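Structure first, commentary second.
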Amino acid sequence: MDNDVDYTIPFYEGHKKTVDLVTGWLVCVEGETKGKDYHLGYGYSRIGRGNHMDVCIPEDHSITRDNHCSIVCDPKKNLFYLMPTSGNIVYLNSQLVLSATLLKQGDLIQIGNSLFEFIPYVTPQKGWNDYE
């Protein structure tokens, strides 16, 4: 009898730990998760109800499951932008957002029935590269 097994075994290198540097936060100030904070990272932080979202808010059923909107942190300039997704309603300081919009500290973002305050950690004057 041949002991060779005729199937592929995946090569596993173990869990690769990557550091997800916090760049800022959303703090829920109104809604089902009032008082809870959500970390933002470099690049896209996709917001939705699904567990696979970077910012997962399952308690607010008026937020879409997949990418209701995103907050993008530009790693070169440490600037943040709110980016709506086609077909979803997002407000910034009570104004409808239709395209990428620059965020500043203290901005209020309404997503579904929840209201969040935006708090940056990195700024154009200070970023993670300052600590290398």
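The values are calculated or read from the model by the stated rules, or taken from the named source; none is laboratory data. Remember, predicted model here, so these are calculated numbers, not experimental data. For neighbour counting, all protein chains shown are included, and Cβ atoms are generated from backbone atoms with ideal geometry for every residue, glycine included. Side chains are part of the model used for accessible areas, which takes the heavy atoms of the whole protein and leaves out ligands, DNA and RNA. Shrake-Rupley method; radii C 1.70, N 1.55, O 1.52, S 1.80 Å.
The rows are residues; the columns are (1) open to solvent by less than 60 Å² (accessible area, probe 1.4 Å); (2) touching a Cys at 6+ places or on another chain (Cβ under 9 Å).
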residue	(1), (2)
ASP20	no, no
LYS36	no, yes
GLY41	yes, yes
ARG49	yes, yes
HIS68	yes, no
LEU82	yes, yes
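Considering region 89-132 alone, what residues qualify as being among the charged types (D, E, K, R) and without any contact (Cβ under 8 Å) to a residue 60 or more places away in the chain?
Once the filter is applied, which keeps residues that are among the charged types (D, E, K, R) and without any contact (Cβ under 8 Å) to a residue 60 or more places away in the chain, region 89-132 yields LYS104, ASP107, LYS126, ASP130, GLU132.
A quick yes/no check of all residues on (1) of a type outside the set (Gly, Ala, Ser); (2) out of contact with any Ser or Thr (no Cβ under 9 Å at 6 or more places or on another chain):
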position	(1), (2)
HIS39	yes, no
HIS52	yes, yes
ILE57	yes, no
SER62	no, no
LYS76	yes, yes
TYR91	yes, yes
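Pick from region 105-123 the residues that are open to solvent by 60 Å² or more (accessible area, probe 1.4 Å) and under 15 Å from the mean Cα position of the chain (by Cα): which of them is nearest to HIS68 (Cα to Cα)?
So, considering only residues that are open to solvent by 60 Å² or more (accessible area, probe 1.4 Å) and under 15 Å from the mean Cα position of the chain (by Cα), the one nearest to HIS68 (Cα to Cα) is GLN110.
Confirm whether LEU102 is loosely packed, with under 15 Cβ neighbours inside 10 Å and within 21 Å of ASP60 (Cα to Cα).
no
For region 84-94, which residues satisfy the criterion of being crowded, with 16+ Cβ neighbours inside 10 Å and in a strand (DSSP E or B)?
Listed by number, the residues that qualify are PRO84, VAL90, LEU92.
Within region 22-34, which residues are open to solvent by 30 Å² or more (accessible area, probe 1.4 Å), in contact (Cβ under 8 Å) with a residue 12 or more places away in the chain and assigned to a loop (DSSP other than H, G, I, E, B)?
Correct list: VAL22, GLY31, GLU32.
Name the pairs whose Cβ atoms lie under 9 Å apart, with the first residue in region 52-81 and within 14 Å of SER114 (Cβ to Cβ) and assigned to a loop (DSSP other than H, G, I, E, B), the second open to solvent by 60 Å² or more (accessible area, probe 1.4 Å) and among the polar types (S, T, N, Q), and 6 or more positions between them or separate chains?
Close Cβ pairs (under 9 Å, with a partner that is open to solvent by 60 Å² or more (accessible area, probe 1.4 Å) and among the polar types (S, T, N, Q)) amount to PRO58/ASN51; ASP60/ASN113; HIS61/ASN113; SER62/ASN113; ILE63/ASN113.
State whether the residues of region 109-127 include one that is part of a strand (DSSP E or B) and modelled with pLDDT under 95.
Yes, there is a match, as at least one residue in region 109-127 is part of a strand (DSSP E or B) and modelled with pLDDT under 95.
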